[in-house]
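Before any comments, here is the structure.
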Protein chains: 2
Amino acid sequence: MEKYIYGIDVGGTTVKMGLFHYENMKKIDSYEIPTPNLEDGSYIFKKIYESIIECNNRHSIEMADLLGIGIDVPCPVKNGYVESCANLNLNEINLVDEMKKYTGDAIKIAIANDATIAAYGENASLESPYQNAILITLGTGVGGGIILDGNIIEGSTGFGGEIGHIRVYEEEDKVCGCGSKGCLEQICGTKGILDYTREQLKKNESTLKEEDLTVKSIFDAAKQNDPVALMTVHRVAKYIGIAASILSMTVEPEVYIIGGGVSKAGLFLIDLITEYYKKNSRFSTGNIPFKLAQTGNDAGMIGSALLVKSLNKKNY
Amino acid sequence: MEKYIYGIDVGGTTVKMGLFHYENMKKIDSYEIPTPNLEDGSYIFKKIYESIIECNNRHSIEMADLLGIGIDVPCPVKNGYVESCANLNLNEINLVDEMKKYTGDAIKIAIANDATIAAYGENASLESPYQNAILITLGTGVGGGIILDGNIIEGSTGFGGEIGHIRVYEEEDKVCGCGSKGCLEQICGTKGILDYTREQLKKNESTLKEEDLTVKSIFDAAKQNDPVALMTVHRVAKYIGIAASILSMTVEPEVYIIGGGVSKAGLFLIDLITEYYKKNSRFSTGNIPFKLAQTGNDAGMIGSALLVKSLNKKNY
C-alpha cells in the first residue's frame, strides 16, 4: 500500500501545499491557498485540514494512507509551541496540538520555523547531505537554519538559527526591525542593500538609476563591474562572510548553503562570500564550502515533508 | 561491587588526576603529575595509565572496577581525534585509540576539549542542570563550551564552542593569537585587559599603578570605583554581553555560565555582563540568566568524569 506525506509552507500571504510519496519523495501535487488573515489565527489549521481532504479526494487517498504532515511557519517555534506570530495572528499556542484537533493522533505532525525547515530540506536535497549544515537565506529579511547531527536546532525558545540578527558591526543610528542595532539583516536584507546603494549613488558615478533600483539590478550591474553596485555587493558578501566566520566558532558546520531571492545572483555571489569568509575565518575552518540552495520555491514544502518523514524514521 | 571512574584534566604543565565513585560522583582521590613534555606527545597516555594503576593500588581497586576514564585536553578534538595540539606535541592522532592501547576495550574512554568538558561539568554541577548551556571561561585566553540537548558540541572538526574567537568588533591593527582580528579574546583575555588598562592609565587619573597591574588589581579597583578600572571592566562586560547576544541568535541556550580566573570577580562581573547582555540581546532572549561557575580548579576533572559517565548511561 502506497503511503504519503504532506509538506506545507505557511507564509503571510499564501499557504503552499505539497503532496509527496512517502518512500521516494516524488511530488504528486502542489498548489497554493490564500492565508486566511483572521483575528483567530488558529483557523488556518481548519483550512489546511479541509484542503488536505480535498487533495486526498482528487488522488483517491485515504487519511489512513498519510504518514505525516509537515508544516513550516514564519516565526520562532519550539517543539511546536509559538509564543507570538504576528504574520499569522497566533499567540501562545501549540501548533501541533491545533493540527491534531483535526487529524487526530495517528498522523505524525511536525511544525517548525520556515528558515529552519528550509535548512533541513536544502541539506537533505544535496547529493550527499551533511550531518552539520547551516542555511543562510537572503531576501527581504535575512534568515537561517542550523542542522547539527542531522537535527534542527530550535534554541531554548525558538530563536536558534536567527542568523539575520547576529550583530556583525558596530552600532549605528539605524534600528533593525528586531529593535536592536548592528544586525546582519540591516546590511544584507533588501532594505539594507537598497538604502546603502542609494547613499552611494549620491556620491559616485554609476550606471544604476535610482528610480529603477532593485536588488536584481544591483547584482546585474555588479557583474558588469559598475563601481557602486560592486561596493554594495562586496559589502553584502563581506558581512555574510563575517557572520559565517562567527558561526564556525560556535557550531562549526560542514557546509554553508546560501538561499533566498538574493542568492539568484548565483556563483558570482558565492565566490565573493567565500573570499570574505576565508579572510575572516579562524584557524583551519576557512575550507568549509559555500553552496547555492537548490530547491527554490519548493524549499518549505520539501523541507516540511522531509522533517516529518524523519520523525517517522526515528519512531517518535 | 563499587564501581569507579577517573576524570583527568590535561594541561600544558600538569595533569590533574581525579578518582570518583561512579554512582554518587564522590571524589576519592585527586593529585597532580607533571605533563611529560616529550617530542612524542603520545607518551602522556602511558604516564596516565601508570598513574591510574598506582592510584588503583593505593585504594585497592582493580581495573575491572573502572567503568570509564574521561580526559580533557587543551586543543580542538572531534570524536577523540586531534589534528594538532601544540601544548602536548600531538598531531593527527586519535587519543581514544591511544589510551585504549593501555586500558584495552573494556573501559569506556571519553576525550574532549578542556573548555567543552568544563562546560559539561559546570552545567551538570548546577542544582538543576540545563539541557542547553554555554560556558564562557575568562582567563589568559577566552574559551567556551556549548551543550545542546545534553550533549557537547564539538563542531565538524573540533572548533565548536571556540567562543574566544568570535569576531565582536571591527578590525584593528592588533592580531589575535589565532592570526585573525577582532576576537573576543583580544578584549577579554588577560593580555587584552592589561594592555587596554595600561593605555588608559596614560591618559587618565587612577589609583592603579602600572607596575603592580594584574587582572585582580583592576577588578578590585573597579569595585572601589576607580575610573580607569571601571572603563576596563565595562569594556570586558560589554563584549561578553555582545558575544552572548550573538550566541543567543545561533543556538539560544537556557543559561550562560561564566568561569575561569577572571570570574573570581564574582557577582560584580556577572551583574555588569547581564546589563550589557540585556542591552544587546534580540527579541525576547534578554532573560537568559548568567551564573558563576562553581567547580573551580576541579572543573576539568569533574567534567571529564561526568562525560564518560554519560557515555555509560547511553550504553555507547
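Return yes when B:ALA124 is crowded, with 18+ Cβ neighbours inside 10 Å and modelled with pLDDT of 95 or more and no when it is not.
No.
Search segment B:168-191 for residues being free of Cβ contacts under 8 Å to residues at least 24 places away in the same chain and away from chain A (no Cβ under 14 Å), and hand back the single one that is surrounded by the fewest Cβ atoms within 10 Å (Cβ to Cβ). Here the residue is B:ASP173. Only one of the listed residues (A:TYR239, A:TYR277, A:TYR256) is out of contact with any strand residue (DSSP E or B) (no Cβ under 8 Å at 6 or more places or on another chain), buried (at least 17 other Cβ atoms within 10 Å of the Cβ) and within 14 Å of chain B (Cβ to nearest Cβ). That residue is A:TYR239.
The residue pairs whose first member lies in segment A:30-45 and is free of Cβ contacts under 8 Å to residues at least 12 places away in the same chain, whose second member is part of a loop (DSSP other than H, G, I, E, B), and whose beta carbons are closer than 6 Å, counting only pairs six or more residues apart or on different chains, are A:TYR43/A:PRO36. Here segment A:127-148 is the region considered, the condition is being surrounded by fewer than 24 Cβ atoms within 10 Å (Cβ to Cβ) and in contact with a Leu (Cβ under 9 Å, 6 or more places away or on another chain), and the residue that is farthest from the other protein chains (Cβ to nearest Cβ) is A:GLN131.
Quick one: is B:VAL82 in contact (Cβ under 8 Å) with a residue 40 or more places away in the chain, among the hydrophobic types (A, V, I, L, M, F, W, C) and either part of a strand (DSSP E or B) or closer than 24 Å to B:GLY160 by Cβ (or both)? When the stated conditions are applied, B:VAL82 passes them.
Being acidic (Asp, Glu), under 15 Å from B:LEU269 (Cβ atoms) and without any contact (Cβ under 8 Å) to a residue 24 or more places away in the chain narrows it down to one of B:ASP220, B:ASP212, so name that one. Walk me through it before giving the result.
Details: B:ASP212 fails: under 15 Å from B:LEU269 (Cβ atoms).
Among B:ASP220, B:ASP212, only B:ASP220 is acidic (Asp, Glu), under 15 Å from B:LEU269 (Cβ atoms) and without any contact (Cβ under 8 Å) to a residue 24 or more places away in the chain.
Say whether the condition of being assigned to a helix (DSSP H, G or I), out of contact with any Ser or Thr (no Cβ under 7 Å at 6 or more places or on another chain) and within 14 Å of chain B (Cβ to nearest Cβ) is met by at least one residue in segment A:291-308. No, the conditions are met nowhere in segment A:291-308. Residues in segment A:161-174 include at least one that is closer than 17 Å to B:TYR277 by Cα and part of a helix (DSSP H, G or I).
If the requirement is being surrounded by fewer than 21 Cβ atoms within 10 Å (Cβ to Cβ) and within 14 Å of another protein chain (Cβ to nearest Cβ), which of these qualifies: B:SER284, B:SER248?
Details: B:SER248 fails: surrounded by fewer than 21 Cβ atoms within 10 Å (Cβ to Cβ).
Exactly one residue qualifies, and that residue is B:SER284.
The values are calculated or read from the model by the stated rules, or taken from the named source; none is laboratory data. Everything numeric here is computed off the predicted structure, so don't read it as measured data. Cβ atoms come from the backbone with ideal geometry, glycine included; neighbour counts cover every protein chain shown.
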